[in-house]
1. Please tell me if LYS414 is within 15 Å of ligand 4 (Cβ to nearest atom), of a type outside the set (A, V, I, L, M, F, W, C) and open to solvent by 10 Å² or more (accessible area, probe 1.4 Å).
2. Has region 438-456 got any residue that is over 24 Å from ILE184 (Cα atoms), more than 10 Å from ligand 1 (Cβ to nearest atom) and modelled with pLDDT of 95 or more?
3. So which residues in region 84-123 are among the acidic types (Asp, Glu), within 16 Å of ligand 3 (Cβ to nearest atom) and surrounded by fewer than 17 Cβ atoms within 10 Å (Cβ to Cβ), if there are any at all?
4. Can you report the number of residues in region 430-483 which are in contact (Cβ under 8 Å) with a residue 24 or more places away in the chain, part of a loop (DSSP other than H, G, I, E, B), on the phi < 0 side of the Ramachandran plot and not aliphatic (A, V, I, L, M)?
5. Report, ordered by the first and then the second residue, all pairs with beta carbons closer than 9 Å, sequence separation of six or more or different chains, a first member in region 4-21 that is at pLDDT below 95, and a second member that is in a loop (DSSP other than H, G, I, E, B) and aromatic (Phe, Trp, Tyr).
6. With GLU168, GLU121, GLU112, GLU142 as the choices, which residue is within 16 Å of ligand 2 (Cβ to nearest atom) and not basic (Lys, Arg)?
7. Restricting the first residue to region 124-147 and requiring it to be under 15 Å from PRO72 (Cβ atoms) and outside any loop (DSSP other than H, G, I, E, B), which pairs with a second residue that is open to solvent by 50 Å² or more (accessible area, probe 1.4 Å) and within 16 Å of ligand 2 (Cβ to nearest atom) meet a Cβ separation below 7 Å and a spacing of at least six or different chains?
8. Name the pairs whose Cβ atoms lie under 9 Å apart, with the first residue in region 81-105 and touching a residue at least 12 places away in the same chain (Cβ under 8 Å), the second open to solvent by 60 Å² or more (accessible area, probe 1.4 Å) and within 16 Å of ligand 3 (Cβ to nearest atom), and 6 or more positions between them or separate chains?
Amino acid sequence: MKQSKTFIPTLREVPSDAEVKSHQLLLRAGFIRQNTSGVYSYLPLARKVLKKIETIVREEMDAIDSNEILMPALQAAELWQESGRWEAYGPELMRITDRHNREFALGPTAEEVVTSLVRDELKSYKKLPLTLYQVQTKFRDEKRPRFGLLRGREFIMKDAYSFHATNESLDATYDQMVQAYTNIFTRLGLNFRAVLADSGSIGGTGGSHEFMVLSEIGEDTIAYSDSSNYAANIEMAEVKVDYSHSDAEMKELEKVATPDQKTIEEVSAFLDVVSENIIKSLVFKVDEDLVIVLARGDHEINDIKLKNSLGAELVELAEDAEINELLGSHVGSLGPIKLPIGVKVIADHAIKSIRNGVAGANEDGFHYINVNPGRDFAIDRYEDLRFIQEGDPSPDGEGTIKFAEGIEVGHVFKLGTKYSESMKATFLDENGRAQPFIMGCYGIGISRVLSAVAEQYQDSYGFVWPKQVAPYDVHVISVNTKDEAQLALGEELYKLLKSYRYEVLFDDRQERAGVKFADADLIGLPVRVTVGKKAAEGIVEVKIRHSGETFECAKEEVLDRLN
Ligand code: ATP
Ligand code: MG
Ligand code: MG
Ligand code: MG
């Protein structure tokens, strides 16, 4: 592409409203422009990077037999009412009304749409498993859109959904997805960790992983071992301890359960629900065999039930200053605690001012209200309640815990039958019986990934794009286009490189040399070929952006030197 014909509005000044490096540079180098809060136009350079990211994602999705489709972003409210999320999703859901007063959502994600699609079309176990994915614009009315593309209100996501007849089949696809995501983020050159993310998977079933790019601007904190693969988001950090129903744990659970009806399974069922629905939860270990779960945030379907039947107690819990302080001081970035809903075992000193604690299962009538510390479980054991800290031994026994900030670029999740049951999506099994689909969902924030790469790959002059996602491979610059030799040699190299399938940006503009070099630095293509004063002799200068290596060579050598 000739630079005189493209649209790269670079800026000399750092935009004052952009707080982080990637946002600043994406604006300065002419990649994006904000339209309104959290909503951006992707200009030609950004579009090219996005396409390359998408290509890598598509290749890895296709390699595991995931089928690309494209579903509507405009989604009928009825579907969301069926799943219960019309209410539960809260203010982040963008809602609109058509001329007939019918309500719609602008999809923040597509579980409802894909579940209804498969429900209507797929009837037999013989067609399972099936994985569908799309790359599509998503909408979320984020409370605090920020950091440019990192947290937008309109953004691009790759979202995949898998359908299964058995849990084993879900596990197999889930593992393939984790591997595919690992391949994707590795190919993208990102410094990332796959992090355990679902506090419901106590016992280590691994029902959810987040893919976190390590970055000081990350909004999540992860805990990882300095000498093994162990990594968990901070909410999960202590739960990775082998917690598969030790005898001691069984005893604790039995103590919480009121005698007549509560089984271990019921208590764990409650925990599963917490995990499925929490936006934020806190899980911390008191000692070897006791873990406390506090969940909070915007809760979905099942929790609404819970909330309704327990309203009063919950408000009381939520208003407890001591809990707020306890949680707030450790998770300041999460903001004030809104709604601690489920407490597997409530620590004495977290609730000592509260008479009636809450613990329970996930159905009306299955909660334990009036849980009384001291009567229903011992309180003298909870003295050393604390959060995991840097320097603690890693739960897997290898190395010590370090903290790091992370940007969530991907998230994989075992959904189970949450959507298929509420939306009555069933298939016929081998015996002709109707069974709900077992599902998984898998997201990657494509536009967020663009920002994450941008954040990682830059220096004080501008971007330093890695080859695989650079908007172009080579920047050919004719320094002075009024000089015929310079313009002609620039053109010649431009055509030559293109004929060898290089993607080339050719600066043929009538601009001062200083402007051209400053723009080239900002844009940051992997290789720059400068055609200057020695053009008449057929000599050009080649600069490798990431190493700064610079050398002169004859025009005939350029191709060879690029490899
Ligand atoms: P976050 O914790 O950052 O709010 P999320 O957990 O709500 O993200 P998911 O529902 O897991 O996001 O969506 C899948 C992926 O979509 C995320 O891992 C992230 O990469 C991306 N994503 C989510 N929200 C945004 C956003 N507002 N802007 C850009 N990308 C986003
Ligand atoms: Mg979110
Ligand atoms: Mg998240
Ligand atoms: Mg997520």
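1. yes
2. Checked against the condition, which is being over 24 Å from ILE184 (Cα atoms), more than 10 Å from ligand 1 (Cβ to nearest atom) and modelled with pLDDT of 95 or more, region 438-456 yields at least one hit.
3. Of everything in region 84-123, just one residue is among the acidic types (Asp, Glu), within 16 Å of ligand 3 (Cβ to nearest atom) and surrounded by fewer than 17 Cβ atoms within 10 Å (Cβ to Cβ), namely GLU92.
4. Matching residues across region 430-483 total 13.
5. What qualifies is ALA18/PHE147; GLU19/PHE147.
6. Answer to the selection: GLU142.
7. THR137/GLU154; PHE139/ARG153; PHE139/GLU154
8. Pairs found: ALA88/ASP298; TYR89/ASP298; GLY90/ASP298; PRO91/LYS143; PRO91/ASP298; GLU92/LYS143; GLU92/ASP298.
The values are calculated or read from the model by the stated rules, or taken from the named source; none is laboratory data. Since the structure is predicted, the reported quantities are computational estimates derived from the model, not experimental observations. Quick reminder, even Gly has a Cβ in these numbers, built from the backbone with ideal geometry, and neighbours come from all protein chains shown. Accessible surface is based on the protein model in full, side chains and every heavy atom, while ligands, DNA and RNA are left aside. Shrake-Rupley method; radii C 1.70, N 1.55, O 1.52, S 1.80 Å.
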